[in-house]
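Structure, as structure tokens:
The values are calculated or read from the model by the stated rules, or taken from the named source; none is laboratory data. From a predicted model like this one, the values you see are computed outputs, not experimental measurements. Glycine also receives a Cβ, built like all others from the backbone with ideal geometry; neighbour counts cover every protein chain displayed. The accessibility values were calculated without ligands, DNA or RNA, using every heavy atom of the protein model including side chains. Shrake-Rupley method; radii C 1.70, N 1.55, O 1.52, S 1.80 Å.
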Amino acid sequence: MRIGVDVREAEGPLDGKGRVTKELAERVPRLLAANEFEFYAKQTFSLKTGKNVSWQTVSGTSVLWHRAVAKRANRTADVYVSTTSYLSSCWLMVPNVFVVYDLISFKDFAIPQRKAISEATAHDLVGLFPAARGKVTVMPLAADDGFHARHAKKDLDAVRKKFALRKPFVLYAGTIEPRKNLVQLVRAYGALSQKTQKQYDLVLAGRKGWDYDSVFSTIEQLGLEDRVHHLDYVSDQDLARLYAAAKVFAYPSLYEGFGLPVLEAMQSGTPVITSDLSSLPEVGGDAVVY
């Protein structure tokens, strides 16, 4: 079988979708070695792939890119996997699979076979699109092996030094945007006693998304500039060490398709505080504080 895969999200700084796409692109061809894979992107980039992978580079923007990819996949692929967009299916004639990460676009805050990354996402999908019933498979995510509790002390000391983290800290990791509920996290930290604040800093690791200003204005209003640290995007290696070095991981998100950072922190041996909304109880089970 020849399988086409949209791998664009696996290039560059990785968010949740990018991390999932990269893991699929690097691992699945090795697991299904008897098949051939076509990786679709705008340009080739570094991925750990085997000999059963070829690249299909297609130029164009947005809708035009998807139309061109679909026409090519119709000629060369037996099945196509959409890892980040549903547009390609408008022109695909071969069987195709969507990976559905979340339904946040329909929560205010098209229908071939679908794979949802949690029961909560599958429930949302069928609720919004009843025709998807019977066509959805839940495919839970896994944390990369790099997230673990076996880091050498010198490596944890090195990451603390790199980011000038001189005190024990509570960690958040993810994009800075409203649905992550970070204004409330900062306020909760600010409500702790002065004694506790002097013992523990709050660290926000993640790039700025949309409408992030309220988080930083709250930090300023509460006078927490010296105790709340924003690290912006960090590498996978640094992130793994930050998880392991943190005293607590706090993830108070209001909506998650899966909540991979919770799993990464748990696998790193770090206590987790998270919200009891959407998919997060599926991930945390009885091992976290909600």
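Before moving on, here are some points about what is shown:
- Per residue accessible area in Å² of the chain, where ligands, DNA and RNA are left out and the probe is 1.4 Å: 50 Å²
- Each label point was placed 7 Å from the Cα along the Cα-to-Cβ direction; for residue 145 and residue 31 their separation is 1.4 nm.
- Rounded FRET efficiency, nearest 0.05, which uses the C-beta distance separating residue 166 from residue 48 and R0 of 41 Å: 0.65
- Spin-label pair residue 156-residue 286: with each label point 7 Å from Cα along the Cα-Cβ axis, the two points sit 2.8 nm from one another.
- Zone residues, the range 251-279, relative to residue 210, backbone N less than 17 Å from point 7 Å out along Cα-to-Cβ: 254-257
- Of all accessible heavy-atom area on the chain, the percent that carbon and sulfur account for (1.4 Å): 53 percent
- With distances taken between every two different alpha-carbon atoms, the chain has a Kirkwood hydrodynamic radius of 20.5 Å.
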